[in-house]
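Worksheet for the structure shown next.
The values are calculated or read from the model by the stated rules, or taken from the named source; none is laboratory data. Quantities reported herein were computed from a predicted structural model and do not represent experimental measurements. Virtual Cβ from ideal backbone geometry, glycine too; neighbours counted across all protein chains shown.
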Amino acid sequence: MDKARVLTLFLGVVRAGSFRSAAVEAGVTPQAVSKAVRTLEAELGVRLLHRTTRKLSLTTEGARLFELAAPGMRLLDEALEQVRSSLSEDDGLIRVTAPPSVGSRVLVPLIRAFRENWPGITFDVVLSDLFTDLVEAQIDIGLRAGTSPAQNLVARRLCDLPLVICAAPAYLARHGEPATLEALRRHPCTGFRRPVTGRMVPWELQVEGNLVYEEMPAVATFNDVETEVEAVRAGIGIGQLGAYMVHADLLAGRLKAILPGLSASNVGLYLYYPRRSQMPARVRRFIDFVVEASRGSEDALVRLAGAASTAS
């Protein structure tokens, strides 16, 4: 029995949730995958999977095998990748995940600048507002706006991402510009719901030197931040938005900052990656490039993060 092969196919079935999907991923037939799992079960003398016509589920023994074997197979994959990448740190693929807004406004400029010096390195970018399991998805690096990612990852805060309370000039011409928090509470506002939980995200405000969270009266709520920005541009209401999202609008006069001393700056831009003893040289090079870029006063990363002060 080819233990590595049958074990790899078994892990693929568990991750994919079906023999057919695992077969497509491995480039073999479903029958070959099923035979491999049966061979592994016969070798171990235990049943690893409960099979029905609708779904698969792990037995207790199967769950235990997956828990023990998956980390070892990932280490093996990383070891092989390290050997391949050691031939040249100037070539190869880097897989990155980020929310769509961070991808378009932050990640794209970074990739463009990075590839000017290392054109042999290519990128596979996965854009999602959902937090991605980097190890399970085989992604090298993540970028995330918000609070620090999970503790089992290496997370580096690259810079602050201030929030800006802003509105369209046409809205302010119709409704007037609030000069106090009490006046702001009487205005229609936009709101953001987290895509995963559906919960409203409260506004972060600095009130008398204290950080407070407040639910503002939302006339329209969105689970996509780009659409919320467009709603504020359209004059639907006042919004509290990430400065990096509206920097160009503020400079061009399409939006105007309101009560600049009221918005908090608790949100940060984070770069994160799995804790690994081995990392491809090209991935380490890109991490170092992004960290260094976040320190340079002339870099786009800092210009985006400093948009709130420019607007005010």
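Which count do you get for residues in region 11-25 that are more than 18 Å from Ala63 (Cβ to Cβ), surrounded by fewer than 18 Cβ atoms within 10 Å (Cβ to Cβ) and either touching a His at 6+ places or on another chain (Cβ under 8 Å) or not basic (Lys, Arg) (or both)? Residues that pass the stated criteria total 3. Take the conditions among the charged types (D, E, K, R), part of a loop (DSSP other than H, G, I, E, B) and more than 30 Å from Ala293 (Cβ to Cβ) and apply them to Arg47. Does it pass? Yes: the conditions hold for Arg47.
Scan region 194-205 and tell me whether some residue there is more than 23 Å from the chain's Cα centre (by Cα), surrounded by 12 or more Cβ atoms within 10 Å (Cβ to Cβ) and farther than 30 Å from Phe289 by Cβ. Yes, some residue in region 194-205 is more than 23 Å from the chain's Cα centre (by Cα), surrounded by 12 or more Cβ atoms within 10 Å (Cβ to Cβ) and farther than 30 Å from Phe289 by Cβ. Within region 126-148, the set of residues being hydroxyl-bearing (Ser, Thr, Tyr) and closer than 24 Å to Ala264 by Cα comprises Thr147, Ser148. All of (1) part of a loop (DSSP other than H, G, I, E, B); (2) exposed (fewer than 11 other Cβ atoms within 10 Å of the Cβ) hold for Glu136 with one exception: (1). For Gly103, state whether it is surrounded by 15 or more Cβ atoms within 10 Å (Cβ to Cβ) and in a helix (DSSP H, G or I). Here the answer is yes, as Gly103 does meet what is asked. For beta carbons closer than 6 Å, sequence separation of 6+ or different chains, a first residue in region 90-109 that is more than 19 Å from Arg284 (Cα to Cα) and a second that is among the basic types (Lys, Arg) and surrounded by fewer than 18 Cβ atoms within 10 Å (Cβ to Cβ), there are no qualifying pairs. Within region 116-142, being touching a Ser or Thr at 6+ places or on another chain (Cβ under 6 Å) and either among the small types (Gly, Ala, Ser) or not assigned by TED's automatic domain parsing to the domain that holds Met279 (or both) holds for one residue alone: Gly142.
Taking Thr60, is it modelled with pLDDT of 85 or more, loosely packed, with under 14 Cβ neighbours inside 10 Å and hydroxyl-bearing (Ser, Thr, Tyr)? Spelling it out, Thr60 is indeed modelled with pLDDT of 85 or more, loosely packed, with under 14 Cβ neighbours inside 10 Å and hydroxyl-bearing (Ser, Thr, Tyr). Restricting attention to region 106-123, does a residue exist that is touching a helix residue (DSSP H, G or I) at 6+ places or on another chain (Cβ under 7 Å) and among the acidic types (Asp, Glu)? No, region 106-123 contains no residue that is touching a helix residue (DSSP H, G or I) at 6+ places or on another chain (Cβ under 7 Å) and among the acidic types (Asp, Glu).
Among the residues examined, Ala170 does not qualify as at pLDDT 90 or above, loosely packed, with under 13 Cβ neighbours inside 10 Å, outside any helix (DSSP H, G or I) and of a type outside the set (Lys, Arg).
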